[in-house]
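One structure is given here, and the rest of the page talks about it.
The values are calculated or read from the model by the stated rules, or taken from the named source; none is laboratory data. Bear in mind the structure is a predicted one, so any value in this text is a computation, not a measurement. Ideal geometry is used to build each Cβ from the backbone, glycine not excepted, and the neighbour counts take in all protein chains shown. Areas reflect the complete protein model, heavy atoms only, side chains present, ligands, DNA and RNA absent. Shrake-Rupley method; radii C 1.70, N 1.55, O 1.52, S 1.80 Å.
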Amino acid sequence: MSTINIAVCDDEADEREEILQLIKRYHSGWTPAQFSSAKDLLHATEKVEFDLILLDIEMAPPTGFEVAKQIVGKQQSHPLIIFITKSNAYTIKGYGIAFRYLVKPVIWDDFVLAMDAAVDELKANHFSFEYNNGMFSVPLQSIYYIESFAHIAAIHTTNEEFRIRATLSDLKQNLPLSRFTAPHKSYLVNMAHINTVSTDEIVLTSGDRIPISRRRRQEFNSDFCRFLGR
């Protein structure tokens, strides 16, 4: 991925710097945010959606583990978390929260394996498109729906709206059809955000209302039933 929003959190300055240098060696174009306490990281996540967090698990309360549970619990599209620890004692306790573990001192080969896996995971769960003369990427979960105006598409997300030059047909080819459906010729909808459905309308969790055309009603019903039964 061209860009990833990364946070590094460790209360030991020298160990935090080691992780930052490993990230720089892995991808010189990335500039991670850095935090010296889990509490500061938690406050930052109220304003910033990080894609990946490298987090020291053993810090003064609140610990990295305690804060990670809060981050995962409160964010709809939560970041991948790589715990960094001096022992393997937390590996079972952190099941379902940690994406990977790295043991201090972090070995370069282990770091690369963890980062490669994180990048692959983020690619699979992100949608990338050209925007403002560059590539932009958003989590699939953050997309409510995409609306088409001739050759302009408006991507409506939890944070903002992106207008790009593309057709729905073009975008549909790059989105997982297991999650997105076209109830109308002018809309692509993320089925994970569907709140209610009537005969001719979808109401999303955002409150937006999307029409269901008569021609596409049966196809939409099939797509949505398949999604619910996955």
Q) So, in the stretch 111-136, of the ones that are within 19 Å of ARG179 (Cβ to Cβ) and touching a helix residue (DSSP H, G or I) at 6+ places or on another chain (Cβ under 8 Å), which residue ends up most open to solvent (accessible area, probe 1.4 Å)? A) ASN125
Q. What number of residues in the stretch 143-164 are part of a strand (DSSP E or B), among the small types (Gly, Ala, Ser) and surrounded by fewer than 17 Cβ atoms within 10 Å (Cβ to Cβ)?
A. 1
Q | Residue that is farthest from HIS78 (Cα to Cα), among those in the stretch 25-57 that are assigned to a loop (DSSP other than H, G, I, E, B), open to solvent by 30 Å² or more (accessible area, probe 1.4 Å) and of a type outside the set (Asp, Glu) | A | SER28
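Conditions tested, residue by residue: (1) closer than 15 Å to GLU147 by Cα; (2) modelled with pLDDT of 95 or more; (3) among the hydroxyl-bearing types (Ser, Thr, Tyr).
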site	(1), (2), (3)
ASN159	no, no, no
ARG165	yes, no, no
ASN174	no, no, no
ARG179	no, no, no
TYR187	yes, yes, yes
ASN190	yes, yes, no
THR199	no, no, yes
LEU204	yes, yes, no
**Q.** Considering residues of the stretch 1-24 that are in contact (Cβ under 8 Å) with a residue 24 or more places away in the chain and open to solvent by 50 Å² or more (accessible area, probe 1.4 Å) only, the residue nearest to the chain's Cα centre (by Cα)
**A.** ASN5
Q.
Among the residues in the stretch 157-168, are any touching a residue at least 40 places away in the same chain (Cβ under 8 Å) and not charged (D, E, K, R)?
A. yes
Q: Quick one: count up the residues across the stretch 58-73 that are under 27 Å from SER128 (Cβ atoms) and either among the small types (Gly, Ala, Ser) or part of a loop (DSSP other than H, G, I, E, B) (or both).
A: 1
**Q.** Qualifying positions in the stretch 181-200 - farther than 15 Å from ALA154 by Cα, open to solvent by less than 10 Å² (accessible area, probe 1.4 Å) and assigned to a strand (DSSP E or B)
**A.** THR181, PRO183
Q.
Can you confirm whether ASN125 is over 19 Å from the mean Cα position of the chain (by Cα) and within 27 Å of LYS24 (Cα to Cα)?
A. no
Q: Would you please name the residue that is surrounded by the most Cβ atoms within 10 Å (Cβ to Cβ), looking only at residues in the stretch 209-225 that are touching a residue at least 40 places away in the same chain (Cβ under 8 Å) and assigned to a helix (DSSP H, G or I)?
A: ASP223
Q | Residue among THR199, THR205 that is in contact with a helix residue (DSSP H, G or I) (Cβ under 8 Å, 6 or more places away or on another chain) and free of Cβ contacts under 8 Å to residues at least 24 places away in the same chain | A | THR199
Q. Just to be sure, is THR167 among the β-branched types (Val, Ile, Thr), in contact with a helix residue (DSSP H, G or I) (Cβ under 8 Å, 6 or more places away or on another chain) and farther than 26 Å from LEU52 by Cα?
A. no
Q. Any chance the stretch 133-142 includes a residue that's over 25 Å from ILE4 (Cβ atoms) and in a strand (DSSP E or B)?
A. no
(Q) Being of a type outside the set (Gly, Ala, Ser), closer than 23 Å to ILE23 by Cα, modelled with pLDDT under 90 and open to solvent by less than 60 Å² (accessible area, probe 1.4 Å) is the filter here; which residues of the stretch 73-90 pass it? (A) PRO79, THR85
